[in-house]
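The values are calculated or read from the model by the stated rules, or taken from the named source; none is laboratory data. Please read all numbers here as calculations on a predicted model, not as lab measurements. Please note: Cβ atoms are built from the backbone with ideal geometry, for glycine as well, and neighbour counts cover all protein chains shown. Only protein heavy atoms, including side chains, enter the accessible area calculation; ligands, DNA and RNA are left aside. Shrake-Rupley method; radii C 1.70, N 1.55, O 1.52, S 1.80 Å.
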Number of protein chains: 2
Amino acid sequence: MSDATQSAHPPALATRVSFLLSQLGSDSAQQFTEHLAPLGIQPVHFGLLVHLARTDGQSQQRLADALGIHRNRMVGLIDDLEHRGLVERRQHPSDRRAHAIYLTAAAHELLPRANRVADDQEAALLNEMDAADRATLISLLQRLADHTGQRPDVHPGLQGQRRT
Amino acid sequence: MSDATQSAHPPALATRVSFLLSQLGSDSAQQFTEHLAPLGIQPVHFGLLVHLARTDGQSQQRLADALGIHRNRMVGLIDDLEHRGLVERRQHPSDRRAHAIYLTAAAHELLPRANRVADDQEAALLNEMDAADRATLISLLQRLADHTGQRPDVHPGLQGQRRT
DNA sequence: TATTGTTATACTCTATAACTATA
DNA sequence: TATAGTTATAGAGTATAACAATA
């Protein structure tokens, strides 16, 4: 960045990738929260359901590790989903301390709808961008994700102390 | 998005621009919070200082409007900065109810350092990307910011209800 | 009657630690 | 002795409403 780093006129926030990511990411998350509300779940639940759709039957501890969430908090999330009839706690085959978490039929019915919500939001976000630009954008963002060590299903905002 | 919207194998979160933005934005904000901590301020204070560097002497209400923050919360933010000796409340020239907020000399000394923190983080984030890709990325993100109606200094996460 | 700054209250979240039952 | 799940407690942060002074 040029020598514009002066007290008199600091560079506008909107010229920084970091700020744009934070601004757009926060807005995106907020919208997703609203769009998902009619289905009775929040983004974190969606992430959990998507993860479970790939790998049913894991313990809460393993789920917590995979999503970067503390196990204490996982209890409440599984509670939420259980109360909505979307997962069930079965007995773990090899460890009697642990539960094995499985999606219910209701979850298999809800997941496509939730995915459609996400698809719609994605489409609305990108609807003024042609296919080439979209591909470029995704590729650049994935490179950043890779470079900053993001793990596939882990949302940093759910890990610990509050950001802004 | 293809017909992969099925319960059996929902598309990975990392294939969605919305998720990548949220993930990268949250990580970015978290890092900025840590990098700024030695200076004794948080990202929201930085945003406020940067805004004040352009337009000193505004009322708290006008600042609140400009940054998309409720005036009740602005009281505490100005308190923070005042206690750190970075701003001062002067009497407003035309409205005896209002204060006029001004940066102090200490703030003019601190701002360049804070900007350097932001510059360093930006550089670390982009250090494996060549100049052309950086320009492309910024341009694409700014188009998204424009399309989603982001206002220059407004961070959606500070507006109201909690996101994820 | 509306607005600015302020304060107090209540509420939501989350972090921490502790407990139990198993390993 | 360590780990999985759970629960309780406390703490941070935020929203809401109300108030005094002034417009």
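Can you name every residue in the stretch B:23-38 that is within 7 Å of chain A (Cβ to nearest Cβ) and touching a residue at least 60 places away in the same chain (Cβ under 8 Å)? First the steps, then the outcome.
Of the residues in the stretch B:23-38, the ones within 7 Å of chain A (Cβ to nearest Cβ) are B:23-30, B:32-33.
Within the stretch B:23-38, B:Ser28, B:Ala29, B:Phe32 qualify.
Out of all the residues in the stretch A:94-129, which are assigned to a helix (DSSP H, G or I) and open to solvent by 70 Å² or more (accessible area, probe 1.4 Å)?
Taking the stretch A:94-129 and keeping what is assigned to a helix (DSSP H, G or I), we get A:105-126.
Correct list: A:Ala105, A:His108, A:Glu109, A:Arg113, A:Arg116, A:Asp120.
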Unique match (being over 19 Å from B:Leu52 (Cα atoms) and more than 21 Å from the chain's Cα centre (by Cα)) among B:Ala124, B:Ala132, B:Ala100: B:Ala132
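Do you know which residues across the stretch B:143-164 are open to solvent by 80 Å² or more (accessible area, probe 1.4 Å) and either of a type outside the set (Asp, Glu) or within 16 Å of DNA strand D (Cβ to nearest atom) (or both)?
To start, the set of residues in the stretch B:143-164 that are open to solvent by 80 Å² or more (accessible area, probe 1.4 Å) comprises B:143, B:146, B:151-152, B:159, B:161-162.
Listed by number, the residues that qualify are B:Arg143, B:Arg151, B:Pro152, B:Gln159, B:Gln161, B:Arg162.
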Odd one out for A:Ile41 among (1) in contact with a Ser or Thr (Cβ under 6 Å, 6 or more places away or on another chain); (2) touching a residue at least 12 places away in the same chain (Cβ under 8 Å): (1)
Unique match (being under 18 Å from the mean Cα position of the chain (by Cα) and assigned to a loop (DSSP other than H, G, I, E, B)) among B:Gly157, B:Gly149: B:Gly149
Subset of the stretch A:75-93 that is away from DNA strand D (no atom under 11 Å from the Cβ) and loosely packed, with under 11 Cβ neighbours inside 10 Å - its residue that is nearest to the other protein chains (Cβ to nearest Cβ): A:His83
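Would you point out which residue out of A:Val50, A:Val17 is β-branched (Val, Ile, Thr) and over 30 Å from B:Asn127 (Cα atoms)?
On the way: A:Val17 fails: over 30 Å from B:Asn127 (Cα atoms).
Of the residues listed, the single one that is β-branched (Val, Ile, Thr) and over 30 Å from B:Asn127 (Cα atoms) is A:Val50.
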